[in-house]
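Read the structure below first, then the notes.
Just so you know, all these numbers are worked out from the coordinates, no wet-lab data involved. Quick caveat, the model's predicted, so the values are computed rather than measured. Reconstructed Cβ throughout: ideal geometry from the backbone, glycine too, with neighbour counts over all protein chains shown.
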Amino acid sequence: MITLSSDFGSPYPAAMKGVVLQRTDARLVDVSHAFPRQDVRAAAFWLREILPYFPPAAHLVVVDPGVGTDRAAIAVEAGEHVLVGPDNGVLLPAAKELATGATNDAIRVHEIGYENAESSTFHGRDVFAPAAAAVHESWDADRTVPEAVDGLGDVTPTGEFVDFELPEPTIEDDAVRGEVLVVDDFGNAITNVPGYVLEGLDEVRVDGRTVPAVETFAEVPEGQWLATVGSHGNVELDVNRGRGDEAFGVEPGDSVRLEL
Amino acid sequence: MITLSSDFGSPYPAAMKGVVLQRTDARLVDVSHAFPRQDVRAAAFWLREILPYFPPAAHLVVVDPGVGTDRAAIAVEAGEHVLVGPDNGVLLPAAKELATGATNDAIRVHEIGYENAESSTFHGRDVFAPAAAAVHESWDADRTVPEAVDGLGDVTPTGEFVDFELPEPTIEDDAVRGEVLVVDDFGNAITNVPGYVLEGLDEVRVDGRTVPAVETFAEVPEGQWLATVGSHGNVELDVNRGRGDEAFGVEPGDSVRLEL
Amino acid sequence: MITLSSDFGSPYPAAMKGVVLQRTDARLVDVSHAFPRQDVRAAAFWLREILPYFPPAAHLVVVDPGVGTDRAAIAVEAGEHVLVGPDNGVLLPAAKELATGATNDAIRVHEIGYENAESSTFHGRDVFAPAAAAVHESWDADRTVPEAVDGLGDVTPTGEFVDFELPEPTIEDDAVRGEVLVVDDFGNAITNVPGYVLEGLDEVRVDGRTVPAVETFAEVPEGQWLATVGSHGNVELDVNRGRGDEAFGVEPGDSVRLEL
């Protein structure tokens, strides 16, 4: 199984799928091609939240503000999974999560050379897609990465790669300073504040406004602002049947202060 | 085969797919994840129109304004098909349609307990996805629903469920009062008025405006308002290469009066 | 393998998939269902750019401004591929590209009769989907098209079909007059001007404005206008992390003059 993730919209992902299907008959599953454009942090968050729900798979990820530079292509072994994408950190939070609790809980990073690629104007299609197909075949067979990718170059273990951690909140006695990581399609502003801080609270002050802290949207009237714990375990700022980002006036990267 | 329908946009459906694929290697086919947000009626309409074109399958549906309340999860046997989703009526119009003409044309509803779910913050992922996988495996094997879903709870036949009928138009001698059920991506305003009322007519008065009643858009000039019979057999209010909803000033739920 | 392309948005493509899956268990791969509405030229361009990356397949394409008229349905043999769609030219540029370099590099066009179709209100679902399923089965078995499609009508070779060529630029000594073919989801304005005209240039005048001619976006600051060669080999007018179409004030069909 190969999952595909990108910020390409439509129809570019289809070219990647064609290239992959030239090389393998693996099942393909789209995670999303609507990730915020060139937003490594948002993609890293979503991948960390979603990929652990999949069975063992190769995960192709192309969110790549550095396309056209000489940033490396990498494959990352993580437990029963392997990820393929650009060396910009986007794979790392998911890889660490996928490795957690595995028999071998260390991630291993490999650089995928692509100096022999015939074309490299569209790395998703010309580099990452053939790499993901080759990595999948090898991984599926015996949980190894290949020594080389036909038409691209050698695959070599490396200790040098762009690491990346999602930002952590600052937790004080009676307040937490965090930030908005992403806004989902519903308009929910998902923060990096762990959900446990809301435990036992009926309300919370967010940037000076007091809103109910609830378990489900259904507890408040339509249009009511609220804070809740989302499916990813973090505090979300929402509006019942409305857009939390607009109500609270926040966007990804904005800091938020919760007084408990 | 499992079809997936929701109002989740992207990327939440991927988490459901991962959970399903942990439990079955069934083919997955997306119906839509762009149903109008929390609009049970719109989803019920589209599912009734689209699911009958599929071969026998398990249909996972999550349009669920009651998420977080204690509304039940149900599986509905319908002819050669089975549907899994929230007990809010969204499955019923499609189920009745799928059962029509089947050897056994009665639908049978089962409640799926989920009191053992480890997490239930995101019912699509934590309740409906594992339920759909288990129901599919059993249905595919011998057209039964399972007696329990591992990790959730027991599955028990029930006569108590939320029934739902799409609204019917009022047909008078020379007029029909109906309503707009949905607006499609083209801007076509699809009503609940059966197409046969336009038979033999060259024009029709809609809310006081006379427009041509045509078989195809191509019969009128670009930009022309029209009434026609859509692929679902209902009267649509359209504009050739334009948006019917904007031209006629209607949205889902609005009533329309057709004078014939 | 069957690929699916349309301008249907959601959820209409699902009805086509259901119909196809009633008739074949082929793998289905979406190319796009977000092609610009009824824009034969844009779809023809994208299909020509993307389908050649696929392994041998049947390609179902429904971008069909003439739906409801009596335009024919056709199947086009092209190398190891076969395409099915309306006879409006949308298939031709891709077909010619797919045939290029094949042992048999001539395309062969067949008309698919559909006079026996039970319904033809939605040709994608009622005509093209069953046709594509039947053509796939035959093509996959022995690289032939079927003599008839069950429920539709006979399939007969034809020399009469709507041919279509994407517009060619006019190349002069020190200037090229081309036009914008499509704008992609990133806002890149993709022209029909071949990329080689930028070779060796540091800058180019576009409609009187001088912009850098670069190999990659990363060569210029954020917000900078630029001309580059896209993944399809044509000149694109872009803005680094912005929308080229808005900056240059162009849309599909607009002419552009490049002074070299």
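Here residue B:17 is the anchor, and the lysines within straight C-alpha reach of less than 28 Å, apart from those fewer than 8 places off in the same chain, are A:17, A:96, B:96, C:17.
Give me the net charge for the shell around residue C:237: Cβ to Cβ below 11 angstrom, other residues only, Lys and Arg +1, Asp and Glu -1. Every neighbour counted, the sum reads -4. Peptide B:13-23 is shielded by partner chain Cβ atoms: per residue, an average of 6 of them sit within 10 Å of its Cβ.
Sparsely packed loop sites in segment A:45-128 (the GluC sites (Glu not before Pro) outside DSSP H, G, I, E and B with at most 13 other Cβ atoms within 10 Å) comprise A:115, A:118. Where both bridge residues fall in chain C, DSSP classifies roughly 75% of the beta bridges as antiparallel. Of A:89, A:101, A:230, the residue with the greatest mean-square motion in the GNM of chain A, using alpha carbon springs below 10 Å, is A:101.
For the protein assembly as shown, the antiparallel share of DSSP beta bridges with both residues in that region comes to about 75%.
What is the distance in Å between the Cα centres of segment B:197-254 and segment C:125-141? So the two Cα centres are separated by 32 Å. All other residues whose Cβ lies under 10 angstrom from that of residue B:254 are scored, Lys and Arg at +1 and Asp and Glu at -1, for a net of -4. Please tell me the relative contact order of segment A:2-157 in percent, rounded to the nearest whole number, where contacts are Cα pairs under 8 Å and at least six residues apart. The value is 23 percent. For segment B:170-259, the Cβ-based charge dipole about the Cα centre amounts to some 100 debye (Lys, Arg positive; Asp, Glu negative; other atoms uncharged). Using alpha-carbon positions, what is the distance between the centroids of segment B:1-54 and segment A:72-89, in Å? Distance between centres, Cα-based: 30 Å.
For residue B:175, the distances from its label point to the matching points in the remaining copies are 6.3, 6.4 nm, ordered from shortest, with each point set 7 Å beyond Cα toward Cβ.
Seen through its C-alpha gyration tensor, with square-root eigenvalues sorted a ≥ b ≥ c, the protein assembly as shown comes out rounded because a/c lies under 1.5.
Charge dipole of chain A (Cα centre as origin; +1 on each Lys and Arg Cβ, -1 on each Asp and Glu Cβ, all else neutral): 560 debye, rounded to the nearest 20.
Which whole-Hz ³J(HN,Hα) couplings does segment C:231-243 yield from phi under the Karplus relation 6.51 cos²θ - 1.76 cosθ + 1.60, θ = phi - 60°, glycine and proline marked x? For segment C:231-243, the Karplus-derived couplings read 5, 8, x, 9, 6, 10, 9, 9, 10, 4, 6, x, 9 Hz, x marking Gly and Pro. Around the amide H of residue C:6, modelled in the peptide plane, lie the amide H atoms of C:32, C:33, C:34, C:35, C:62, all under 5 Å away and 5 or more residues distant in sequence or on another chain.
For segment C:105-148, the list of trypsin sites (Lys or Arg not before Pro) that fall in a loop by DSSP and count at most 14 other C-beta atoms within 10 angstrom reads C:143.
Under the rule a/c < 1.5 gives rounded, and otherwise a/b versus b/c splits prolate from oblate, where does segment B:152-260 land using the Cα gyration tensor? Prolate shape, in that a/c is at least 1.5 and a/b is the bigger ratio.
Give, as a single signed number, the net charge of other residues whose beta carbon lies under 12 Å from the beta carbon of residue C:30, with Lys and Arg counted +1 and Asp and Glu -1. Here the charged neighbours net out to +1.
The charge dipole of the protein assembly as shown, taken about the Cα centre with unit charges on the Cβ atoms of Lys, Arg (+1) and Asp, Glu (-1), comes to about 420 debye, rounded to the nearest 20. With a ≥ b ≥ c the root eigenvalues of the C-alpha gyration tensor of segment B:59-166, is it rounded (a/c under 1.5), prolate (a/b larger than b/c) or oblate? Verdict is oblate for segment B:59-166. Distances between copies at residue A:147, taken between label points 7 Å from Cα along the C-beta direction, are 5.5, 5.5 nm in increasing order. Using C-alpha pairs under 8 Å with a sequence gap of at least 6, the mean separation divided by the residue count of chain A gives a relative contact order of 15 percent.
Any chance you could give the angle, 0 to 90 degrees and rounded to 10, that helix C:40-50 forms with the longest Cα principal axis of chain C? With both axes taken from Cα atoms, the answer is about 90 degrees. Placing a label point 7 Å from the Cα of residue A:100 along the Cα-to-Cβ direction, the distances to the matching points in the other copies come to 5.0, 5.0 nm, shortest first. 3J(HN,Hα) along segment A:167-182, derived from phi through the Karplus expression 6.51 cos²θ - 1.76 cosθ + 1.60 where θ = phi - 60°, amounts to x, 9, x, 9, 9, 9, 4, 10, 7, 10, 9, x, 8, 7, 7, 8 Hz, with x in place of Gly and Pro. Summarising the strand pairing of segment A:1-152, around 50 percent of its internal DSSP beta bridges are antiparallel.
Distant-in-sequence amide contacts of residue B:204, defined by a placed amide H-H separation under 5 Å and a gap of 5 or more residues or a different chain, comprise B:211, B:213.
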